[in-house]
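To start, the structure under review is shown below, and the notes come after it.
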Ligand SMILES: Cc1ncc(COP(=O)(O)O)c(C=O)c1O
């Protein structure tokens, strides 16, 4: 296969993998959509591309301008990659907890990396300092544009006619359940709206981690990269979320470690969150039903983190990958919140 010479045209059309091997006989059919196959390595390629293309169209982003955003992970990498292709300067605000891998990736794409060091004394996070710095740069640098992924409607919109449509192409009867992890809520809101727009009766399930407040949990430290927010993002459209779960860190990591050993594929920790809850859903449905989890990124960048037994033990976590324990824990999950409303087919 000869790649089109614009790497950005290869964003989207991610493959789907069966996870049936994880499930006991009699459960629903379990699949995962592998967003890590996007060229920048994650689902955020889609959001970044749509935010940039639309900002170009509206004139908010001018040729040769500077893109500024706070991101310690995938959105930053996606913006840096797209900036390289489309000729923008890119400044990404990170913090001391950002992994060396992610910083190296930003620099490899030619982005400038700006590190903030002011920690919030109450919860030990850097999010407020990062956002303040990003706003300051966007307001003071000439010709600067800040996408603001948490409240930019072009983030969820990136999925409505792409990710959701791909899902319906792969599953023409529509999955019975779709499970997605949340942070900015771009993927869950956008995919959910895209499915509703096409009258799919899919139950949309959101997964957040303990310590994150997106679905109303209490604020505290979080350890799953890509998840964990101290506020409710404007991009969360509660009308499209039918059920919400809060999960601990351990099963997120154990789930993807088991998948690596059984299926030979490395997925990120947030994929563990969505797949763990998808297992719960599949255990409660019959074999004629379809449950689809979204995997936001691949696992290579976490090899020195939760794929490393010593790292896990240092964090007080277990490195024992017991499949039967994960199945039992998934079976025992209860939703954190039912938004308790009917599916509104005109929500899109
Ligand atoms: C690895 C990973 N998982 C999950 C998410 C959450 O996706 P969203 O921001 O669309 O809610 C992100 C977002 O950055 C991510 O990078």
Query raised in the report: Could you give the nm distance between label points at residue 97 and residue 10, where each point is 7 Å from its Cα heading toward the beta carbon?
Result: 3.3
**Report entry** Exposure proxy ranking, count of Cβ atoms within 10 Å, fewest first, for 148, 311
**Finding:** 311, 148
Query raised in the report: How big, on average over all directions, is the shadow cast by the Cα convex hull of region 44-145, in nm²?
Result: 6.2
Report task. Give me the percent of Cα-Cα pairs in region 105-171 that sit more than 20 Å apart, rounded to a whole number. Result -> 55
Report summary line: With a Förster distance of 30 angstrom and the Cβ-Cβ distance between residue 218 and residue 115, calculated FRET efficiency to the nearest 0.05 equals 0.60
Report summary line: The rounded separation in angstrom of the Cα centers of region 107-139 and region 19-64 is 24
Query raised in the report: Which value in nm describes the separation of the simple spin-label points at residue 169 and residue 143, placed 7 Å from the Cα toward the beta carbon?
Result: 3.6
Query raised in the report: Gap in Å between the Cα centre of region 247-301 and the Cα centre of region 213-235?
Result: 19
Query raised in the report: Once the Cα gyration tensor of the chain is found, what semi-axes does its equivalent ellipsoid get, as square roots of 5 times the eigenvalues, in whole Å, sorted largest first?
Result: 31, 23, 19
Report task. Can you bin region 236-348 into rounded, prolate or oblate? Criterion: square roots of the alpha carbon gyration tensor eigenvalues sorted a ≥ b ≥ c, rounded for a/c under 1.5, prolate for a/b above b/c, oblate for the rest. Result -> prolate
Query raised in the report: How do 252, 90 rank when sorted from fewest to most other Cβ atoms within 10 Å of their own Cβ?
Result: 90, 252
Requested in this report: Subtract the Cα-Cα distance of residue 108 and residue 89 from 0.36 nm times their separation in residues, and report this length gain in nm to one decimal.
Outcome: 5.5 nm
Query raised in the report: When the helix-only estimate is applied to the chain (DSSP H runs of n ≥ 4, each -39,500 (n - 2.57), divided by the residue count), what is the mean residue ellipticity at 222 nm, nearest 500 deg cm²/dmol?
Result: -11000 deg cm²/dmol
**Report entry** Of all DSSP beta bridges in the chain, antiparallel share, percent nearest 5
**Finding:** 15
Report summary line: Per its Cα gyration tensor (rounded if a/c is under 1.5, else prolate when a/b beats b/c, else oblate), region 180-235 is best filed as prolate
Report task. For region 143-185 and region 79-98, write down the distance between their C-alpha centroids in whole Å. Result -> 21
Report task. Give me 70, 18 ranked fewest to most by other Cβ atoms within 10 Å of their Cβ, as a rough exposure proxy. Result -> 18, 70
Query - Length added when fully stretched, residue 60-residue 161, from 0.36 nm per residue minus Cα-Cα - result: 34.1 nm
Query raised in the report: What is the mean projected area of the alpha carbon convex hull for region 49-106, to one decimal in square nanometres?
Result: 3.6
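Readers should treat all values here as calculations from the given coordinates under stated rules, not as data from a laboratory. Keep in mind that this is a model prediction, so the values were computed, not measured. Here the Cβ is made from the backbone with ideal geometry for all residues, glycine too, and neighbour counts use every protein chain on show.
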